[in-house]
Structures are given as C-alpha cells and as structure tokens.
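Here the structure comes first, spelled out in structure tokens, and everything after it is commentary.
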Amino acid sequence: METQKHATDHSEQQQSSWQMANELLHNSDDITSLVSYELRAPLTSIRAALGLLLTGMMGTLSPKGHRMLEIALSNTDRLMRVVETLEYDSELFSNANGASHTNGTSHTNGTALPSNEGIERVNTVGGEDLAQPSRKTPIKHKRIYYDRLTGLPNRTLFMSWLRQAIARTQQTPDQVFAVLIVALDRFQVVSDSLGRMAGEQLLVAIAQQLSTYVESFGVLTRLQENEFAILIHQVETRDEIFAIATEIQGRLSHPFTLYQQEIFLTASLGIASSQQGYESPEDILHDAATALHRAQGRGGNCYEMFDAQVRSEAISRFQLETDLRMALERQEFQLHYQPVLSLSNDQVVGFEALLRWFHPKEGLVSPAKFIPIAEEAGLIHPIGLWVLRQACEQLCRWQQEFPLELPLTMNVNLSAQQLSQPRLIEQVSAILRETAIAPNTLKLEITETSIMSSPEAAITVLEQLQACGIQLCVDDFGTGYSSLSYLHRFPLDTLKIDRSFVSRIDSEGEQLEIVQAIVKLAWNLGMNVVVEGVETLKQYAQLKALRCDYAQGYFFSKPVNAEAAALFLKQKLAMAPSHRSH
Ligand code: C2E
Ligand code: CA
Ligand code: CA
C-alpha cells in the first residue's frame with residue numbers, strides 16, 4: 001500500500017507535507033507530550049472518520065515500517081479532543097467486542113466512529129498515561145470496516161453512518177443530508193489497458209483525491225470496484241449538492257499520472273437527498289443508484305438527482321422489465337430485415353435482422369428502449385438466441401429461394417453481455433448446425449463500445465467465433481473511444497460507419513473527408529466498409545463516389561418484415577438477373 005501511495009504526484013506532495021509537518025511537530029517548543037498510534041488502516045480512513053479535526057495530526061512511518069499517527073498534546077484543545085475521541089471509541093470497542101460500537105458517537109464533529117478500529121495506541125511520551133499497554137485491534141474488524149485496497153471506510157461502515165443520518169433527520173427533518181454515488185466511466189477499459197496493478201493504484205489515487213475534498217463536509221466510502229459513495233452531512237439547497245457534484249467531476253477530470261502516463265477520467269454521479277423521506281440506508285442508496293443509472297444512460301460524464309420524475313420512470317421501466325420476461329413466451333417478438341446493398345452494383349448482398357417487440361398495451365416498443373432493459377435484467381441471452389435462430393432459419397430459406405453467385409448474408413446484432421456468456425460459442429455453433437447455413441454467411445455485429453468495454457475478454461470470444469468461420473462486424477463505428485489501429489487487434493471483417501457521420505455529409509464537407517479517411521484506413525487494415533443510415537440520393541451518390549463497399553438506409557429500404565424484404569430482393573434481382581447462379 002505504501003508504494004501505491006507514492007504512485008502519483010498528488011500523493012508524493014501529500015507525503016512531503018506530512019514530513020514537513022512532522023519536523024515542525026518535533027521541533028516545536030510548546031508540545032507537552034506526544035501520543036503515537038499505530039495505524040492498522042491507512043490514514044485516509046482515519047481522516048474520513050475524524051473529519052476536520054485531523055489538521056494537527058501527522059502521518060508518519062514507524063521504524064518497523066508501520067503507519068503511525070502522532071498527535072501532539074500541546075495546549076490546543078482541539079487536539080486533546082481528538083485524543084479523547086480515539087480513547088473513547090477504543091474503550092467502546094474493547095469492551096463491547098464490536099457489539100455496542102455502533103452507539104459510539106464522536107465528541108467532535110458529529111461523525112460517528114463505529115469504533116476506533118484500525119488504530120492502536122502504542123505509546124505516549126511525556127504525558128501522564130505513559131506506557132499504557134497497547135491494545136490489539138483484531139484484524140477481523142479491520143476487514144469488516146475498511147476497504148483493503150484504498151483504506152477507505154467500507155460499505156458496512158458507511159451504512160451505519162447512513163442509518164444514523166436517517167435517524168437524525170427523522171428527529172429534525174429540516175436537517176437535510178445527501179448521498180452521492182460517483183462511478184468512474186470506462187474504468188474497465190483503463191484497467192484492462194494498463195493492467196490490474198495500475199488500475200488499483202489509480203483507484204487509490206482517486207480515493208485520496210476524493211477524501212481530501214470530501215472530509216470537510218462529509219464521508220466517503222468505496223462501494224464497489226469503480227464506485228465511491230459520499231454522505232454529505234448537511235445541505236441547504238439542491239444547488240449546493242450540484243456544486244459539489246460539479247467540483248468532483250472537475251477534480252477527477254484532471255489527469256492522473258501513472259508510470260509517466262497521463263490518464264484522463266470522467267465520472268457519472270447519482271444523487272439522492274433525505275428530502276425524499278427514507279427509512280433505511282439501503283433505500284436511499286438504491287435511489288442514488290437509480291439516478292446514477294440514468295446519468296450513465298445519458299452517456300456518462302454527468303450527474304442526475306433522484307426525484308419524482310426519476311421515480312415514475314423507474315416504475316414504468318420496472319413494468320416494462322416485468323412484461324419483457326413474458327414476451328418470448330407470448331410470442332410478442334418479430335424480426336424485421338433491412339437490406340444491405342453493394343455500392344458497386346446496387347445489388348442486395350444480405351440483410352440486417354432487427355428485433356421488434358409488439359407490446360400488448362404499448363404497441364411497438366423501440367429496441368433502443370427495451371434492449372438495454374433486457375441486458376440489465378439478464379434477459380438478453382434467451383432473447384439473443386431466439387433472434388439468432390430466427391435470422392438463420394430465414395437466411396436458410398432465402399438462400400434456397402434466391403440462389404445467388406455470392407450467397408446472401410445475414411447480420412445479427414450481438415450485445416456486450418452475450419459476448420461474455422460462457423456458452424455463446426457452443427450455442428451459436430449448434431444453431432449453425434441445425435439451420436445448416438454456411439458459417440461465413442452469418443455476420444455478427446458487435447458495437448465498438450461493447451468491444452471496448454472489455455477488450456481483453458472480447459478478443460478471446462471474437463477469435464473463437466472467427467475460428468467457427470463466422471464473419472464479424474464492428475457496429476456504430478465512430479461513436480466509441482477506440483482508434484482504428486487499436487481495433488485492428490480484433491479479428492474483424494467489416495467496419496460499419498455510424499449513421500451520425502452520414503447524416504452530416506450533405507451539409508459539411510469535412511464529414512465527407514472523415515468518412516473517406518475511415519474507409520481508406522479500414523481497407524488498409526483489410527476490412528470492408530458498410531455505411532449505415534443512408535437517407536438521401538445525395539448521400540448515396542457521395543458514398544458511391546468514395547467507393548464505399550456497402551450501404552444500408554432508408555434511402556434503399558427501412559427495416560421491414562420478411563415478406564416485404566423478400567419482395568424488395570425480388571424486385572432488385574429482376575432489375576439485374578445476372579446475379580442469379582444457375
Ligand atoms: P443498430 O444495430 O445500429 O441498427 C440500426 C438502427 O438504425 C435500426 O434501428 C434501424 O432501424 C435504424 N436505421 C436504419 N437505417 C436508417 C436510416 O436511414 N435512418 C435512420 N434514422 N435510422 C436508420 P432499430 O431497429 O430501432 O434498432 C436500434 C438498435 O437496437 C440497433 O441499432 C441495435 O443496437 C439494437 N438492436 C436491434 N435489434 C437487436 C437485436 O436483435 N439484438 C441486439 N443486441 N440489439 C438489437
Ligand atoms: Ca447493427
Ligand atoms: Ca449501427
């Protein structure tokens with residue numbers, strides 16, 4: 001942990017300021033005695049627990065390499081109070097064997113210390129209670145209350161503070177507190193590309209950065225992998241909370257330096273305030289998490305506050321999730337097909353299968369709305385397999401009905417969650433066998449974002465799919481964070497340029513140049529290119545002039561049901577019958 005502390009410029013600065021403070025402390029005349037505590041948890045936890053009063057305590061290293069906390073017992077009343085707090089809680093802790101520790105409130109700033117767990121008094125010099133026998137703090141308790149990596153108070157400890165905050169507002173409702181969940185966007189990508197150790201060092205640096213800011217008005221915990229939560233003890237207005245959220249985003253957006261590399265981060269925040277009236281810490285944390293989801297759903301790097309509107313949206317989302325569970329069984333799904341055309345001869349080369357849900361009450365629900373819900377509810381696996389089977393069966397029928405020189409292909413969308421399904425390869429192979437289509441006529445589309453959300457895992461699965469002979473296509477290219485040269489590490493056959501580029505090429509010459517550059521690079525890397533969202537004749541003509549390989553879009557056909565798609569294909573073939581193989 002100590003080496004991790006040195007990992008960033010920020011922590012080096014902190015370390016040197018501790019050293020300076022230490023020298024001052026030891027050379028000061030008015031010190032009457034010195035109490036040393038051996039810290040079994042990192043200083044950040046103690047700082048978080050004691051809040052403001054830490055000014056005046058020094059963190060240092062003992063000769064044995066243990067972290068120490070030294071408190072100068074001068075005439076300063078504040079420092080005496082800190083020591084009292086530590087002693088008081090220590091007493092509670094050792095008496096109660098952990099049972100009564102949650103009643104322990106600090107004498108200081110209203111932040112309750114469940115125990116002084118993590119702190120062991122080792123010596124007192126110059127004072128009356130010299131050579132107090134040191135009390136052993138059981139390691140077990142350290143594990144219970146502090147995060148092993150960052151040393152921050154953990155969820156259990158945080159929940160006990162939340163419980164107390166709720167109890168307080170139940171007595172004095174005017175005293176409003178708030179909970180913020182801070183989730184680092186794309187942390188998995190950073191961690192995967194830098195390595196686990198570096199990812200952990202980054203989390204430690206972030207924990208230090210946040211706790212320094214938060215300690216004057218609240219407490220901080222690490223909730224899980226890349227999520228932190230903050231309890232703001234008291235707030236007057238919503239704007240005050242938003243100002244804190246903005247400040248946190250600003251602080252995290254400064255680059256962190258790790259191994260001489262600058263790392264840029266963004267964060268999404270979910271906020272819930274006690275004004276909504278909560279009875280349990282789980283409830284307020286749940287609502288903050290709902291708000292966080294909403295912020296993440298908006299693309300991240302923003303914050304959301306839980307309110308009546310979020311609540312009603314959450315309820316209707318839950319209703320939709322409930323209905324979605326029944327949709328497969330009730331046969332409410334259907335596939336629509338959008339033709340993919342070759343721009344060299346305007347012929348249909350295949351189709352993209354797009355899922356449609358006919359909800360009994362709501363009517364047609366957009367996949368953009370229900371696919372994310374299916375992913376979150378863990379329903380995307382059965383739904384995705386249904387789509388794959390239907391699409392392959394349809395392709396088999398069409399290949400027989402329309403035997404072309406180059407057999408028709410079928411593009412099927414695969415969600416990120418399907419990629420991490422352990423049985424995916426086995427299930428896809430089984431569907432290919434049962435429907436008897438040639439594997440290279442199936443193209444699986446995976447979005448750039450889902451590849452990049454877990455690149456190492458993706459590469460393994462994609463290689464296995466490629467080994468089965470299936471073609472792979474990166475979807476929505478240009479909306480994620482990858483570069484073409486990085487994507488080249490993945491076994492991809494096709495690159496699909498996102499609609500957003502195409503929709504602007506009519507008006508902006510620059511966009512056309514970007515599309516042209518992407519096309520050329522993709523070719524150099526051995527991929528062919530599909531452009532999606534072609535809506536106008538002008539766009540079509542421009543893309544054709546760029547010699548893009550394939551295109552899709554309303555200009556040719558909207559996604560339509562199987563009958564209409566077959567009709568479209570027939571009409572196209574009638575215009576150029578030479579494509580039929582005999
Ligand atoms: P996508 O894979 O990028 O699919 C293309 C979307 O663009 C489709 O929306 C299609 O209807 C629409 N589109 C096609 N041409 C044009 C055009 O010229 N102009 C405009 N404005 N839009 C066009 P759709 O069908 O609503 O699907 C939305 C998204 O839902 C898809 O985006 C895909 O990410 C997801 N999705 C659809 N079906 C499935 C599925 O079976 N499995 C998974 N995992 N996701 C699916
Ligand atoms: Ca797609
Ligand atoms: Ca797309």
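A quick yes/no check of all residues on (1) within 28 Å of Gly299 (Cβ to Cβ); (2) within 16 Å of the chain's Cα centre (by Cα); (3) surrounded by fewer than 20 Cβ atoms within 10 Å (Cβ to Cβ):
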{"residue": "Thr150", "(1), (2), (3)": "yes, no, no"}
{"residue": "Met159", "(1), (2), (3)": "no, no, yes"}
{"residue": "Val189", "(1), (2), (3)": "yes, yes, yes"}
{"residue": "Val204", "(1), (2), (3)": "yes, no, no"}
{"residue": "Thr212", "(1), (2), (3)": "no, no, yes"}
{"residue": "Phe217", "(1), (2), (3)": "no, no, yes"}
{"residue": "Glu225", "(1), (2), (3)": "yes, yes, yes"}
{"residue": "Ile232", "(1), (2), (3)": "yes, no, no"}
{"residue": "Ala243", "(1), (2), (3)": "yes, no, yes"}
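Return the residue satisfying two criteria in turn: it lies in the range 247-283 and is polar (S, T, N, Q) and free of Cβ contacts under 8 Å to residues at least 24 places away in the same chain, and of such residues it is surrounded by the most Cβ atoms within 10 Å (Cβ to Cβ). This residue is Ser253. Figure legend. Inter-residue proximity from the range 514-540: first residues open to solvent by 50 Å² or more (accessible area, probe 1.4 Å), second residues among the hydroxyl-bearing types (Ser, Thr, Tyr), beta-carbon distance below 9 Å, spacing 6+ or different chains. Indicated pairs: Leu521/Ser485; Glu535/Ser503; Glu535/Tyr554. The strands (runs of 3 or more DSSP E) located wholly in the range 423-540 that include 2 or more residues which are β-branched (Val, Ile, Thr) occupy 442-447, 494-497, 528-531. Of the residues Glu405, Glu401, the single one that is under 15 Å from Glu563 (Cα atoms) and acidic (Asp, Glu) is Glu401. Residues in the range 229-260 that are hydroxyl-bearing (Ser, Thr, Tyr) and in contact with a helix residue (DSSP H, G or I) (Cβ under 6 Å, 6 or more places away or on another chain): Thr257 alone. Any residue at all in the range 504-511 that's open to solvent by less than 10 Å² (accessible area, probe 1.4 Å), of a type in the set (Val, Ile, Thr), within 30 Å of Ile431 (Cα to Cα) and within 16 Å of ligand 1 (Cβ to nearest atom)? Taking every residue of the range 504-511 in turn, none turns out to be open to solvent by less than 10 Å² (accessible area, probe 1.4 Å), of a type in the set (Val, Ile, Thr), within 30 Å of Ile431 (Cα to Cα) and within 16 Å of ligand 1 (Cβ to nearest atom). When each of Leu194, Leu180, Leu223 is tested for being among the aliphatic types (A, V, I, L, M), modelled with pLDDT under 95 and out of contact with any Lys or Arg (no Cβ under 7 Å at 6 or more places or on another chain), the lone residue that passes is Leu194. Checking each residue in the range 407-422 for being open to solvent by 50 Å² or more (accessible area, probe 1.4 Å), away from ligand 3 (no atom under 16 Å from the Cβ) and modelled with pLDDT of 95 or more picks out only Pro407. Of all residue pairs spaced 6 or more apart or on separate chains, those with beta-carbon atoms under 8 Å, a first member in the range 342-357 that is among the acidic types (Asp, Glu) and a second member that is open to solvent by 40 Å² or more (accessible area, probe 1.4 Å) and within 16 Å of ligand 3 (Cβ to nearest atom) are Glu352/Asn413. Within the range 462-477, being open to solvent by 20 Å² or more (accessible area, probe 1.4 Å) and away from ligand 1 (no atom under 14 Å from the Cβ) holds for Glu463, Gln464, Gln466, Ala467, Cys468, Gly469, Gln471.
Quick one: count up the residues across the range 339-368 that are open to solvent by 20 Å² or more (accessible area, probe 1.4 Å) and within 16 Å of ligand 2 (Cβ to nearest atom).
Just the residues of the range 339-368 that are open to solvent by 20 Å² or more (accessible area, probe 1.4 Å), to begin with: 344-346, 349, 354, 356, 358, 360-364, 366-368.
Filter once more, so that each one left must be within 16 Å of ligand 2 (Cβ to nearest atom): 349, 354, 356, 366-368.
The total comes to 6.
Annotation for the range 120-130: at least one member residue is at pLDDT below 90, in a loop (DSSP other than H, G, I, E, B), farther than 22 Å from Leu265 by Cβ and open to solvent by less than 50 Å² (accessible area, probe 1.4 Å). Restricting the range 437-461 to residues that are surrounded by fewer than 15 Cβ atoms within 10 Å (Cβ to Cβ) and within 22 Å of Leu354 (Cα to Cα) leaves a set whose member that is farthest from ligand 2 (Cβ to nearest atom) is Ala438. Within the range 485-498, being over 30 Å from Ala436 (Cβ atoms) and either open to solvent by less than 20 Å² (accessible area, probe 1.4 Å) or within 16 Å of ligand 1 (Cβ to nearest atom) (or both) holds for Leu487, Ile497, Asp498. Pairing each residue of the range 470-497 that is more than 15 Å from Ala416 (Cβ to Cβ) and small (Gly, Ala, Ser) with any residue that is open to solvent by 10 Å² or more (accessible area, probe 1.4 Å) and within 12 Å of ligand 2 (Cβ to nearest atom), provided the two are 6+ apart or on different chains, yields C-beta distances under 9 Å for Gly478/Asp498.
When Phe556 is tested against (1) modelled with pLDDT under 95; (2) within 16 Å of ligand 3 (Cβ to nearest atom); (3) open to solvent by less than 50 Å² (accessible area, probe 1.4 Å); (4) assigned to a loop (DSSP other than H, G, I, E, B), just one condition goes unmet, and that condition is (1).
What's the total number of residues in the range 541-553 that are part of a helix (DSSP H, G or I) and either within 13 Å of ligand 1 (Cβ to nearest atom) or in contact (Cβ under 8 Å) with a residue 24 or more places away in the chain (or both)? Reasoning before the result, please.
Going through the range 541-553, the residues part of a helix (DSSP H, G or I) turn out to be 541-545.
Filter once more, so that each one left must be either within 13 Å of ligand 1 (Cβ to nearest atom) or in contact (Cβ under 8 Å) with a residue 24 or more places away in the chain (or both): 542-544.
Result for the range 541-553: 3.
Within the range 527-564, the set of residues being within 16 Å of ligand 2 (Cβ to nearest atom), more than 14 Å from Val348 (Cα to Cα) and of a type in the set (S, T, N, Q) comprises Asn528 only.
The values are calculated or read from the model by the stated rules, or taken from the named source; none is laboratory data. Quick caveat, the model's predicted, so the values are computed rather than measured. Positions of Cβ are generated from backbone atoms using ideal geometry, with glycine treated the same way; all protein chains shown enter the neighbour counts. Only protein heavy atoms, including side chains, enter the accessible area calculation; ligands, DNA and RNA are left aside. Shrake-Rupley method; radii C 1.70, N 1.55, O 1.52, S 1.80 Å.
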